[in-house]
Amino acid sequence: MVHMEYSRAPLNPRRLGHLGSESCSLKLELKRRSGEAHGQGSFNFLTSSLELPKRCKLAASGKQRSQKPGQHIQPTWEVQAHRAGGRGDNKSSVLPFQQKTGAMDQNQIKSLSHFPMDFPAYCHQSVPWRLAIQLTLKNKNKGLIQKLCDRVASSTLLDDRRNAVRALKSLSKKYRLEVGIQAMEHLIHVLQTDRSDSEIIGYALETLCNIISNDEEEEVDDVEEENSTRQSEDLGSQFTEIFIKQQENVTLLLSLLEEFDFHVRWPGVKLLTSLLKQLGPQVQHIILVSPMGVSRLMDLLADSREVIRNDGVLLLQALTRSNGAIQKIVAFENAFERLLDIITEEGNSDGGIVVEDCLILLQNLLKNNNSNQNFFKEGSYIQRMKPWFEVGDENSGWSAQKVTNLHLMLQLVRVLVSPTNPPGATSSCQKAMFQCGLLQQLCTILMATGVPAAILTETINTVSEVIRGCQVNQDYFASVNAPSNPPRPAIVVLLMSMVNERQPFVLRCAVLYCFQCFLYKNQKGQGEIVSTLLPSTIDATGNSVSAGQLLCGGLFSTDSLSNWCAAVALAHALQENATQKEQLLRVQLATSIGNPPVSLLQQCTNILSQGDKIDRRGSKIQTRVGLLMLLCTWLSNCPIAVTHFLHNSANVPFLTGQIAENLGEEEQLVQGLCALLLGISIYFNDNSLETYMKEKLKQLIEKRIGKENFIEKLGFISKHELYSRASQKPQPNFPSPEYMIFDHEFTKLVKELEGVITKAIYKSSEEDEKEEEVKKTLEQHDSIVSHYKNMIREQDLQLEELRQQVSTLKCQNEQLQTAVTQQMSQIQQQKDQYNLLKVQLGKESQHQGSCSEGTHVNGIQPEEIGRLREEIDELKSNQELLQSQLAEKDSVIENLRSSQISGIDEQSSAAASARDSEQIAELKQELAVLKSQLNSQSVEITRLQTEKQELLQKTEALAKSVPIQGENETVTATKTTDVEGRLSALLQETKELKNEIKALSEERTAIKEQLDSSNSTIAILQNEKNKLELDITDSKKEQDDLLVLLADQDQKILLLKNKLKDLGHPVEEEDELESGDQEDEDDENEDSGKDQDHI
């Protein structure tokens, strides 16, 4: 009999291996907590949902043990289970269990029926009786799973295989391990061979999904929940590794997703999603290298069935996680368009969880992916985000899902304008958001009422990054007013919540970030904030509260967090702006009635020197850290502010006293900041105060603190754990107010000044003087460089103007050329009309002989003659206009040349002026050609006009001599013949001119062809030259290699000769050999000479 003790951490059945089966008898030993004689009473143990087979025979027997004095009787009940027809001898086992809730008496135990079971091999482990019965039933089903697998593998009928796969699917959730080990190979074979039957394919895919997925549906106790989930994850990853070991399995699954059948596509999508969740990078690589793998998955978004489409979105979420290559492919497969369409169909922010899934997928595609961000911007998808934020000014309708959706939408906007993105991409997205009205919509939400706190905080952070570093957006944000009476600027309203200690901490951090982004690279905004503190701009009536007053109020309040936020905000108003640092020195504060006002700088140092004397709410060092950061930012790169700071004789002793003391760990940070402030006072000191010159301050540090101790205290800042956290991101994101110590921009300042101050402390006075001289020379050089830069800018502007003028001249030249062509066409028309008139005149003179009634004169009507005169006048006017325009262009070109010669510096812009002069010369040549053409045309027009006038005179003379017909017929005939001869001569001249033009054009084309051929030959020769050079270099390399080999051989020969000499063999010397060789060569030369003479 084997006794097993009950444990509160029962054994997980999945940790048991394959258990052997044999006939057994089971005894359950029941122990009662409060014993009674003869085993009477009740036993408390777990009896819920106990179902046993009917063939189980249980018997109960009570045993009474001997009782010692002071002990309770603990009777034992044995419940035996016998299985009939077992192999071998019956074995028995006792499973004692502790009493639990629920009562069970002796009669209930007797009522348990018989059940068959296999004896498990886990008697040495602590298993509760209920779990033991479940495991025995599970062992019974192992044989059934094996039979089903055999049926799937060997059955020839499709119905039998389908039924077997369906049975495996029903067992796969409860017996995941067994089905996965025995059936996975058979299921993959079914996917490969039975693709024609969609039903069996669907069953196989669902079975594989149940095996690989970690979604447990079994009821698990609270104690074993953690172990169960961990082991289920291990099982899922192991089965996934087995499945993807053959990459063809994933490719097969991708091909199955092309099936439109719902029972195939849906389980296929779920299976692939489970594979990606288990072993994402490996499955991503397989999908990436498979042809058209990602494109097949993108088709899921276009499925008309919402279930498949929604699960397709989840699949793409897992597919695109942390894989930039797949993200790019998905984006270029039109994913943005489809996802935005789905979001619009689902109702934007009012949609359900599908909108949330689409937004998460969009974040995966855009986050840290610059190419996808550019594609999103250039595809005008930013404009489609505006309707998301049209939420209105409603106090109701903010469901939990809507809050989640809007939160993700705001995060998506922040992904596009994140400070970690490239500056060019961020600024272009910021401009696009302003142009499409998205920034205006976000500001509307910012100023609306009834918005949840989480959405309001995220909206403030989003607006912050949309306006950060963008001047247009910052100017718009400065003009936004809150809907209050009277209206107040949004910046003032936000600052009121920042310095209000009743507001949530996260909201105050968001407002501070918004103020920092508003002032980032915004000197105009910095000036506006500082101007609200100056005496001339403060409202004496006190009706309105300004940003400067709120910052001063927060700076000197009793809340340490407000002090820190106000100090950091004011430091950002001075960041990289020396003008505002000097202006802030003018600020005067009235501390109390009757006392004179003190400067803001003096008040800050006074509060700093008081330390912990003032009772404040919050951190002890937060106020002092904030004030020290403000003073360090204020004094850096501003010698005037350093002089004002040192003018107060109490400041330097206070700083040296703070640095020299040995304080606790909390005060080390304050000591480091004091050392930084004193180092800034040394480095940026212009030695205007004799008592606190650089050398004297160094001597003071060496006497009271020590240089090594000072540098050590200065290093406490960068070694602080919160310093590295603040230096990572510009957003002040802290888990609690105690962590709010450093500002991001201040960490940059510390990194910049720490090494410089260290060098300045160790430098001597002579080195300081040399450095000052170097600084002066550098300043002089900088001034010279800036002067030349200004000159170059001016010359660039002049060159740009000249280029514009040249472009306008080119345009005008083209217009003149078109006008010339038009004039040429008109002249040709005039010639044609003139020839027609001549022909008509000849014909009428032949047929009629004379004109009747004075209406026709040799075929020319008076109306036509008037029209011709008008056209000639128009041609003259056009010619005069063209000549005037040419004269104007000549004058403009001369002016340009004179201005160019006088204004352009020879050293900086010689090339540009040469180009412009060449362009102007070309234009002059073109204008000269145009002039010559116009002159020739004008000569021809005058000649035609003279001929026309002669013809008109002749026709008038003929008209006068009409009455004498008989005598004048011969005269008219001779005149007409004369005119016809002249016309033929003119036509002949025009033909000759056309032939000459054709010949010139042909010569020009021939010359061009010769130039092209010569260029081609030059290119060929250049290529051959390059080849020859390469051959020469190769031959030189080979020659060098041969020389090296010869040198090596000579060394070897010398070694061998030395060895031979050592061995006693005679060796010929090199001189003898060389002389012998020389003699042989001389003999050969003599022989060759004799042969030549003989020839």
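The values are calculated or read from the model by the stated rules, or taken from the named source; none is laboratory data. Only a predicted model underlies this, so the values are computations on that prediction, with no experimental measurement involved. Quick reminder, even Gly has a Cβ in these numbers, built from the backbone with ideal geometry, and neighbours come from all protein chains shown. The accessibility values were calculated without ligands, DNA or RNA, using every heavy atom of the protein model including side chains. Shrake-Rupley method; radii C 1.70, N 1.55, O 1.52, S 1.80 Å.
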### Message
Whether any residue in segment 401-413 is modelled with pLDDT of 95 or more, assigned to a helix (DSSP H, G or I), open to solvent by 30 Å² or more (accessible area, probe 1.4 Å) and among the aliphatic types (A, V, I, L, M) is what I want to check.
### Response
no
### Message
If a residue must be in a helix (DSSP H, G or I) and open to solvent by 10 Å² or more (accessible area, probe 1.4 Å), how many such residues does segment 185-219 contain?
### Response
12
### Task
Sort out which residues of segment 420-432 are in a helix (DSSP H, G or I), touching a Cys at 6+ places or on another chain (Cβ under 9 Å) and open to solvent by less than 20 Å² (accessible area, probe 1.4 Å), and write them in order of number.
T426, Q430
### Query
Does L1042 satisfy the condition of being open to solvent by 90 Å² or more (accessible area, probe 1.4 Å), hydrophobic (A, V, I, L, M, F, W, C) and either modelled with pLDDT of 80 or more or assigned to a helix (DSSP H, G or I) (or both)?
yes
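Does at least one position in segment 438-446 carry a residue that is in contact with an Asp or Glu (Cβ under 6 Å, 6 or more places away or on another chain) and of a type in the set (A, V, I, L, M, F, W, C)?
Applying the first criterion (in contact with an Asp or Glu (Cβ under 6 Å, 6 or more places away or on another chain)) to segment 438-446 yields none.
No.
Sort out which residues of segment 736-779 are within 22 Å of S562 (Cα to Cα), open to solvent by less than 60 Å² (accessible area, probe 1.4 Å) and either aliphatic (A, V, I, L, M) or part of a helix (DSSP H, G or I) (or both), and write them in order of number. So that I can check it myself, show each step before the final result.
Just the residues of segment 736-779 that are within 22 Å of S562 (Cα to Cα), to begin with: 736-747.
Those left that are additionally open to solvent by less than 60 Å² (accessible area, probe 1.4 Å): 736-737, 740-747.
Matches in segment 736-779: P737, M740, I741, H744, E745, F746, T747.
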#### Entry: Unique residue being hydroxyl-bearing (S, T, Y) and under 30 Å from N461 (Cβ atoms) when the list is S718, S681, S649
S718
### Query
Across segment 333-356, what is the number of residues that are under 25 Å from P419 (Cα atoms) and open to solvent by 10 Å² or more (accessible area, probe 1.4 Å)?
1
### Message
Any residue at all in segment 660-673 that's open to solvent by 30 Å² or more (accessible area, probe 1.4 Å), in a helix (DSSP H, G or I), small (G, A, S) and farther than 23 Å from F556 by Cβ?
### Response
yes
### Task
Return yes or no: is R502 open to solvent by 10 Å² or more (accessible area, probe 1.4 Å), of a type in the set (K, R) and modelled with pLDDT under 95?
yes
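Quick one: which residue in G293, G312 is modelled with pLDDT under 95 and not acidic (D, E)? Show your work before the answer.
Details: G312 fails: modelled with pLDDT under 95.
Of G293, G312, the one residue that is modelled with pLDDT under 95 and not acidic (D, E) is G293.
Anything in segment 286-321 that is small (G, A, S), assigned to a helix (DSSP H, G or I) and more than 26 Å from the chain's Cα centre (by Cα)? List them, or say none.
A302
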### Query
How many residues, within segment 433-467, are out of contact with any His (no Cβ under 7 Å at 6 or more places or on another chain), open to solvent by less than 20 Å² (accessible area, probe 1.4 Å) and either farther than 17 Å from S380 by Cβ or among the aromatic types (F, W, Y) (or both)?
14
### Message
So, in segment 765-818, how many residues would count as being hydroxyl-bearing (S, T, Y) and within 30 Å of Q699 (Cβ to Cβ)?
### Response
2
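Inside segment 553-652, counting only helices (runs of 4 or more DSSP H) that do not spill past its ends, which hold 2 or more residues that are touching a residue at least 40 places away in the same chain (Cβ under 8 Å) and among the β-branched types (V, I, T)? Before you say what the answer is, go through the steps one by one.
On the way: elements: 560-573, 578-584, 600-610, 622-635, 639-647.
Per the criteria, 600-610, 622-635, 639-647.
Do you know which residues across segment 250-275 are of a type outside the set (S, T, Y), open to solvent by 10 Å² or more (accessible area, probe 1.4 Å) and touching a helix residue (DSSP H, G or I) at 6+ places or on another chain (Cβ under 9 Å)? Break it down stepwise before answering.
Within segment 250-275, the first condition is being of a type outside the set (S, T, Y), and the residues that meet it are 250, 252-254, 256-272, 275.
Then drop every residue that is not open to solvent by 10 Å² or more (accessible area, probe 1.4 Å), which leaves 252, 258-263, 265-266, 270.
Those that are of a type outside the set (S, T, Y), open to solvent by 10 Å² or more (accessible area, probe 1.4 Å) and touching a helix residue (DSSP H, G or I) at 6+ places or on another chain (Cβ under 9 Å): L252, E258, E259, D261, F262, H263, R265, W266, K270.
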### Query
Consider S380 against the criteria (1) in a helix (DSSP H, G or I); (2) farther than 27 Å from L456 by Cβ; (3) not aromatic (F, W, Y): it satisfies all of them except one. Which criterion is unmet?
(1)
### Message
I need the full set of residues from segment 357-386 which are open to solvent by less than 10 Å² (accessible area, probe 1.4 Å) and farther than 18 Å from P422 by Cβ, in order please.
### Response
C358, L359, L361, L362, M385
### Task
Go through the residues of segment 633-649 one by one and say whether even a single one is under 18 Å from C552 (Cα atoms), modelled with pLDDT of 90 or more and open to solvent by less than 30 Å² (accessible area, probe 1.4 Å).
yes
### Cross-chain or 6+ apart pairs with Cβ under 6 Å, segment 303-324 first and touching a residue at least 24 places away in the same chain (Cβ under 8 Å) and closer than 19 Å to K367 by Cβ, then among the hydroxyl-bearing types (S, T, Y) and assigned to a helix (DSSP H, G or I)
L314/T273; L315/T273; A318/T273
### Query
Could you say whether any residue in segment 508-516 is open to solvent by less than 30 Å² (accessible area, probe 1.4 Å), of a type in the set (F, W, Y) and not in a loop (DSSP other than H, G, I, E, B)?
yes
